[in-house]
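Undergrad: Sharing a structure here in structure tokens format.
The values are calculated or read from the model by the stated rules, or taken from the named source; none is laboratory data. Values in this document were obtained by computation on a predicted structure and should not be read as measured data. In this analysis, Cβ positions are derived from the backbone assuming ideal geometry, glycine residues included, and neighbour counts consider all displayed protein chains.
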Amino acid sequence: MRFYLAAIAVLASVLLVACSGGDSPAPTPSPAATPVFDEFAIGKPQNRVGVGDVERALPRFETSRGDLIAAFQQQPWFQDGLSADESLFVERSLSFVAGRPELSFESLNHASVTDKLYLHDKLSLRQRDIDLLLIYEPGDDAEAEFALLEAVIPQLEREVGIEWPEQATTVVNGSYGINDYNGEGFIRIDRCCTLSAFVLAHELSHVYWTAGPFWFNEGMADIYATLSLQALNDDPPDGWRGFNADIDSYYAQRKSVVDSAGFPDLPLPNRFASDGLYQAADVFLLDIRDIIGANAFRAAASDVYAASDFARLNIGEKRLEDIVLRYTAESDRDAVMQLFNREVWGDNGEEYRRLQEFEGS
Ligand SMILES: [Zn+2]
């Protein structure tokens, strides 16, 4: 597929809009909640019931989303009978809006609905084919956006080293004022950013990175977006026009903001976006990566994700530190622990020791 990737906006401006204002974390169960153990699901990616099943979706959402259902039913293409990808489009649109109380029919561009403005493809990934669906607005360069999505998803899967978690990934363009990952494979992309490789890659990264603390999810989404785009630069697919950063220049840019912006010196869990949460999280994680090495960081990250069991379980800070330390050489252990103490616990190691004692480890 061709790319029309015109000059990507400079990195600094792109970063400002990546999830600024905060994501909606995926609705994963909290550790305190009673986990629903489906022994057949453990260790396997999400396989959600009802994807593309319009017969099931219509009665289910009849009460809550009758307006959207009526709009679909009025369309000649709906009345003619639905193809497989039209069914996916209808069901995903309904599930996107219905599952999110803050969204209304108005959240979807009506022309997207009535004129069937979507692109769909089956992507062949490591273990299975997934559905990639882009619901766009009139005037969007949907082909170019779709090509970016198609390039980034397999690369992200290679970076994490664990199969893509969702059998359907749906990107919905609109006038949201925010880009975010909505859980269950749904991503919202604001009009600002439909062709921003970084923003798209950041939000796609959240298909993996939702199970940790907020700062961790955001930092990992930034880092995996950058690593994936850098890898695509190094081995470009047809038509790829490049992305103007690699992980080292990305780190330098984030570090200079942290050092110069006058953010309060707070532990990561206590920071808001206005306190430099995103930049400080990126710097912290990349400092860890620098100490333990890129390969160890990658292996630790995959282990964190595996420990979340495809985001069915949340991973807290203590567990994160435990896993990182498993991939840290003895000679680097103190440096890693000091970083965690300063940036995560905000102490001299007392909290981590307390949690170790509490767990009897
Ligand atoms: Zn984000």
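Undergrad: Surrounded by fewer than 16 Cβ atoms within 10 Å (Cβ to Cβ), within 16 Å of the ligand (Cβ to nearest atom) and touching a residue at least 12 places away in the same chain (Cβ under 8 Å), is that true of residue 261?
TA: Taking the combined requirement at face value, the residue does not satisfy it.
Undergrad: Quick check on region 174-188: of everything there that is more than 12 Å from the ligand (Cβ to nearest atom) and in a strand (DSSP E or B), which residue is nearest to residue 145 (Cα to Cα)?
TA: 174
Undergrad: Right, something else. Which of (1) in a helix (DSSP H, G or I); (2) buried (at least 21 other Cβ atoms within 10 Å of the Cβ) does residue 310 not meet, given it meets every other one?
TA: (1)
Undergrad: Can you find even one residue in region 86-96 that is at pLDDT 95 or above, surrounded by fewer than 17 Cβ atoms within 10 Å (Cβ to Cβ) and of a type outside the set (Phe, Trp, Tyr)?
TA: no
Undergrad: For region 154-171, does any single residue satisfy the condition of being within 16 Å of the ligand (Cβ to nearest atom) and assigned to a strand (DSSP E or B)?
TA: Yes, region 154-171 contains at least one residue that is within 16 Å of the ligand (Cβ to nearest atom) and assigned to a strand (DSSP E or B).
Undergrad: What number of residues within region 318-361 are under 15 Å from residue 209 (Cβ atoms) and charged (D, E, K, R)?
TA: 1
Undergrad: Next question, about the same structure. Based on this model, can you work out whether residue 360 counts as at positive phi, touching a Phe, Trp or Tyr at 6+ places or on another chain (Cβ under 9 Å) and surrounded by fewer than 18 Cβ atoms within 10 Å (Cβ to Cβ)?
TA: Answer is no for this residue.
Undergrad: Looking only at region 52-83, count how many residues are of a type outside the set (Lys, Arg), assigned to a helix (DSSP H, G or I) and more than 26 Å from the chain's Cα centre (by Cα).
TA: Qualifying residue count for the region: 17.
Undergrad: Suppose the filter is surrounded by fewer than 21 Cβ atoms within 10 Å (Cβ to Cβ) and touching a helix residue (DSSP H, G or I) at 6+ places or on another chain (Cβ under 8 Å); does residue 158 pass it?
TA: yes
Undergrad: In addition: Give me the pairs, please: first residue somewhere in region 175-202 and without any contact (Cβ under 8 Å) to a residue 40 or more places away in the chain, second residue anywhere and among the hydroxyl-bearing types (Ser, Thr, Tyr) and more than 13 Å from the ligand (Cβ to nearest atom), beta-carbon distance under 6 Å, and either six or more positions apart or on two chains.
TA: 188/176
Undergrad: Here is a follow-up. So, in region 247-282, exactly how many residues are under 19 Å from the mean Cα position of the chain (by Cα) and within 24 Å of residue 231 (Cβ to Cβ)?
TA: Result for region 247-282: 6.
Undergrad: Hey, among 313, 320, 325, which residue is over 19 Å from residue 254 (Cα atoms) and free of Cβ contacts under 8 Å to residues at least 24 places away in the same chain? Full working, then the answer.
TA: Details: 313 fails: free of Cβ contacts under 8 Å to residues at least 24 places away in the same chain; 320 fails: free of Cβ contacts under 8 Å to residues at least 24 places away in the same chain.
Selected residue: 325, the only one of 313, 320, 325 that is over 19 Å from residue 254 (Cα atoms) and free of Cβ contacts under 8 Å to residues at least 24 places away in the same chain.
Undergrad: Look through region 191-235, keep the residues that are among the small types (Gly, Ala, Ser) and within 24 Å of residue 135 (Cα to Cα), and return whichever of them is nearest to the ligand (Cβ to nearest atom).
TA: That would be 221.
Undergrad: Let me ask something additional. Can you find a residue in region 196-206 that is under 25 Å from residue 163 (Cβ atoms), of a type in the set (Phe, Trp, Tyr) and assigned to a strand (DSSP E or B)?
TA: Checking region 196-206: not a single residue is under 25 Å from residue 163 (Cβ atoms), of a type in the set (Phe, Trp, Tyr) and assigned to a strand (DSSP E or B).
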